[in-house]
Amino acid sequence: MCGIVGYIGKKEVKDILVDGLRELEYRGYDSAGIAVLQDDEIKSYKAVGKLKNLEDKTKDFASDGLAMGIGHTRWATHGKPTELNAHPHLGEFSYVVHNGIIENYQELKSSLQKDGVKFLSQTDTEVIVHLFEKNYKELNDPMSAFEKTIDTLHGAYAVLLITKVDPEKIYFAKHGSPMIVGNDDKGDIHFGSSDAALIGKATEVIYLDDGDYGYTSQEGISIFFDKEKKALNKRALTGDKISAQKGGFRFFMEKEIYEQGEVLSDTIIGRVLDEKINFEELHESFFDGIDEIKICACGTSYNSGLACAYLFERQAKIKTVVEIASEFRYKEPLMTKNTLFVVISQSGETADTLEALKMAKRAGLKTLAICNVDNSSIVRLADHTILARAGIEKGVASTKAFATQVMAMWMLSIYVAQIKNTMSKDEIKSELNAMRHIPNAVIVSDKLHEKIKRLSKRYLHGHGFFFIGRDMFFPLALEGALKLKEISYLHAEGYPAGEMKHGPIALADSELFTIALMPKTLHYDKVKSNVEELSARDSTILAISPLEFELADDFIKTTHCEHPMSEFFEMMVITQLLALEVSVRLGNDVDMPRNLAKSVTVE
Ligand code: M6R
């Protein structure tokens, strides 16, 4: 996804900007650009592809003395990855970079076009710079023009703007997309959309809040909220890359659990529109002749596939089969051309999944990858890819990748439902609304985390765990058990709640821990009676539900129960935190559990 950097100071501006952008590369991008303002002149450079291309273009440029600049890596959402669409975007005398999405850009663009403004790009961002210049011409004051501009924008944004009419300042605004401003001990100013870009450069930083805007100059930083000047809440920024990359969390896994709201917003941006799902990377005709989906994956990615198979059948009314890639490879599978072959992989390098994909290609099937790593082997091989947009996942135990895979496939199921006309407009709208709500459902509150920390001490021994659920909550139970196993080394199984009585219930006693996923919106009464059966046999029950359950030994109350998927995502976070806290108490290496590798490139 996109990245932003900015700088005011006497060091070579281009180097600072490009170096900052390099630290944001991990988020993925398809073009990059910078604009540097010095001596009332703005120089701008853009290039499609890797930063190396931008460096080649700027090799003869160097700033000299005090200057300022803004830079951006773009992940195409509105318009193709071309140089014209790359940021910074130019007006007559100003440049802007932007992360996020301007929801009302069409309406703003049409009105500016009526005033005779010519647009060069297909992006939503370009409206910002033209709007600013229009307001400046009316108000003759850059700050008032900037304030008026951001007041007009709807959606999510982090914006930096430089302008010749106020050549000593960088204007900034944040609403819904991250932005950090900081300074070093010489007073040079640095901006970044993540602290990764600022480590080793800024020594003190301010994490801007939604609604903050203002400007910076050599004189310092001025932040406003609701037209009132705010006190600066500066924090020291560590120079240690690893601990800074952990952003104050104890483990990468913990950080990745916490950042799920942000990455899920990235996953839906530009794809969840007002009335439909849009995938720039797909064309509806790709689904011509397809009446079956086969999903193939390993581990966590398999669990996400299994969960979403329920959605494909329920919403898109398309037969969907999910297979473990290492099994699929050797079963001499039947592959028919009416089948869309979908592989899911965080890394895009998993040997079994890759081999299954090759088999499907050889059999002439249409193939689609849901993957987190662009340009990985799987992405290069599949006909089309939907990138999960989770950003780099460092914890071996996958968390945010799972979340974004589920989100990507939920969107895909609605996309297929649109094509096949299996849902009404109102039904689709209500799914889109539910999707927009998910980033809130995965927010970790201090209260919840504390509760799970406390509870975890009761779940360190015993002879095993059963995570149980029904419907989509069965694959979530599988995933909860996998997480716990991977990092606690305790035995855990995921099971369909209704299947316990067919054997596993024989294990029930007080030393058997049942983690019961009891959503309100999906088969609550059925799961409840399965949990009652276990409770009657003295199993220790940790119930996760929005509804009080008196037989539970421990209870975690969930709050997002307006849609099965918000329940799914909220419970997902709880199972991840439980695994994390049990592992911490057992003294294990959470990020690098024994015997496991992040990317399994052997069979
Ligand atoms: O990179 P992939 O998604 O293809 O990896 C598949 C599995 O190896 C992976 O999900 C593994 O199960 C993780 N350790 C889960 O936390």
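Please treat every number below as a calculation from the coordinates, not as lab data. Note that this is a predicted model, so its numbers are computed, not measured. Heads up, the Cβs are rebuilt from the backbone with ideal geometry, glycines too, and the neighbour counts pull from every protein chain shown.
If R₀ is 60 angstrom, what is the calculated FRET efficiency for the pair D509 and K598, using the beta carbon separation as r and rounding to 0.05? Rounded to the nearest 0.05, the efficiency is 0.95. From the square roots a ≥ b ≥ c of the eigenvalues of the alpha-carbon gyration tensor of region 353-423, which class results: rounded (a/c under 1.5), prolate (a/b over b/c), or oblate? Oblate shape, in that a/c is at least 1.5 and b/c is the bigger or equal ratio.
One Cα centroid belongs to region 30-77, the other to region 225-267; the line between them spans 26 Å. With the dipole of the chain worked out from charges on the C-beta (+1 for Lys and Arg, -1 for Asp and Glu) around the Cα centre, which of L37, Q218, L264 lies farthest toward the positive end? Ranked along the dipole, the leading option is L264. The distance linking region 299-371 with region 388-436 is 17 Å (Cα centroid to Cα centroid, whole angstrom). Just check region 3-242 against the gyration tensor rule for me: Cα atoms, a ≥ b ≥ c as the square roots of the eigenvalues, rounded for a/c under 1.5, and otherwise prolate or oblate depending on whether a/b exceeds b/c. Here region 3-242 falls in the rounded category.
Peptides 249-255, 228-234, ordered by how many other C-beta atoms sit within 10 Å of their residues on average, highest first, read 249-255, 228-234.
Quick one: in the chain, what % of C-alpha pairs are over 41 Å apart? List each step's numbers first, then the result.
Working: 52157 of 181503 pairs.
Summing the P(r) tail past 41 Å for the chain gives 29 percent.
Using Cβ point charges alone (K and R +1, D and E -1), the dipole size of the chain about the Cα centre works out to roughly 800 debye.
For the cross-link pairs K201/K394; K337/K429; K294/K557, the ones whose C-alpha atoms lie over 25 Å apart are K337/K429; K294/K557.
Rounded, prolate or oblate: which fits region 169-328, taking a ≥ b ≥ c as square roots of the Cα gyration tensor eigenvalues, rounded meaning a/c under 1.5, else prolate when a/b beats b/c? The shape class here is prolate. Working from label points 7 Å from Cα in the Cα-to-Cβ sense, the K11 to L84 distance is 3.6 nm.
A simple spin-label model places the labels of Y489 and L334 4.5 nm from each other, with each point 7 Å out along Cα-to-Cβ. Once C-alpha pairs closer than 8 Å and six or more residues apart are averaged by separation and normalised to the residue number of the chain, the relative contact order reads 10 percent.
In whole angstrom, how far apart do the alpha carbon centroids of region 556-603 and region 122-162 sit? First find each Cα centre; the distance between them is then 41 Å.
Maximal additional length on extending the K241-D554 stretch stands at 108.8 nm, based on 0.36 nm per residue less the C-alpha distance. Cross-linked pairs K148/K174; K400/K520; K186/K234: Cα-Cα separations exceed 18 Å for K400/K520.
Its Cα centre serving as origin, region 3-242 has a Cβ charge dipole (Lys and Arg +1, Asp and Glu -1) of approximately 460 debye.
Computed from backbone phi, the HN-Hα couplings of region 154-168 come to 10, x, 10, 7, 10, 10, 10, 9, 10, 8, 5, 6, 8, x, 10 Hz, rounded to whole numbers (Karplus: 6.51 cos²θ - 1.76 cosθ + 1.60, θ = phi - 60°; Gly and Pro given as x). Projecting label points 7 angstrom from Cα along Cα→Cβ for E284 and S111 puts them 3.1 nm apart. In order along region 63-68, the phi-based Karplus estimate (6.51 cos²θ - 1.76 cosθ + 1.60, θ = phi - 60°) of 3J(HN,Hα) comes to 7, 9, x, 4, 7, 9 Hz; Gly and Pro are listed as x.
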